[in-house]
1. Among the residues of the range 33-50, which ones are within 15 Å of N141 (Cα to Cα) and either hydrophobic (A, V, I, L, M, F, W, C) or modelled with pLDDT of 95 or more (or both)?
2. Filter the range 62-100 down to residues that are surrounded by fewer than 17 Cβ atoms within 10 Å (Cβ to Cβ) and among the aliphatic types (A, V, I, L, M) and give me whichever is farthest from F136 (Cα to Cα).
3. Conditions first: (1) at pLDDT 50 or above; (2) assigned to a loop (DSSP other than H, G, I, E, B). Q128 passes all but one, so which condition is the exception?
4. I want to confirm something. Restricting to the range 136-154 and keeping residues that are among the small types (G, A, S) and assigned to a helix (DSSP H, G or I), which single residue is surrounded by the most Cβ atoms within 10 Å (Cβ to Cβ)?
5. Could you give me the residue pairs with C-beta distances under 8 Å whose first residue belongs to the range 93-120 and is under 13 Å from C134 (Cα atoms), whose second residue is polar (S, T, N, Q) and assigned to a helix (DSSP H, G or I) wherever it lies, and which are 6+ apart or on separate chains?
Amino acid sequence: MSFKLQRGELFSIKKLYRLQFPQHQKVQWKSIILQQHIHPRFKFILWLALHNRLATVERLLKFGIQTPQQCIFCEQVVETFDHLSFKCSLTKELWLRLLRWLGYDRPICDWQSEVEWVSKNAKRRNGQCAIVTCVFGMLVNAIWRERNKLRFQGGKFSGFEEAFQVASRSSLFPLPQFAIFLGMFQTLKVPNEVGASMC
């Protein structure tokens, strides 16, 4: 490692120390991953999603792996990460209802815009914003697990029941609020043929 001083520059141990570590561009979603209330299992799937590394049909085809290409929820367009991430009207509706339940009335945009919005909330030090961040991580995980179950295990659409189970075990969700949360999503327990008309 070389350390050259510019003309008139003084030697600094601090600068020398920092040269030992690679410098990477800071990412805005760092505040989401560092949210301590998100379960580590959810963080892993969320981390893959933030890096666009989930094995969607689009990525599988690039690796030469043949699989049905249509979105497992709407069966109308090719499954891509962008589509699963709130362009599909089913996943968009899930996120929209969660936000309304939390008291936010805002339009749902694309994945990048939603990540930026959640990242800003994650930086705030209050319970409401912590819940928003946790719910976002929980939903991304639930969507991906439900997608895998339907695509590879021949399961039936369950309305993301695992997300309900996780929420019920979380200290962030008081029991009365969880009852509302669970009841709200029971209406989304629809068979695939009904879900096909939602996108």
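1. Listed by number, the residues that qualify are I33, I38, F42, F44, I45, L46, W47, L48, A49, L50.
2. I65
3. That leaves (2) as the condition not met.
4. Among those that are among the small types (G, A, S) and assigned to a helix (DSSP H, G or I), it is G137.
5. Filtered contacts from the range 93-120: L102/Q128; V118/T133; S119/S31.
The values are calculated or read from the model by the stated rules, or taken from the named source; none is laboratory data. If you're wondering where the values come from, they're calculated on a predicted model, not measured in any experiment. We place every Cβ from the backbone using ideal geometry, glycine too, and count neighbours over all the protein chains shown.
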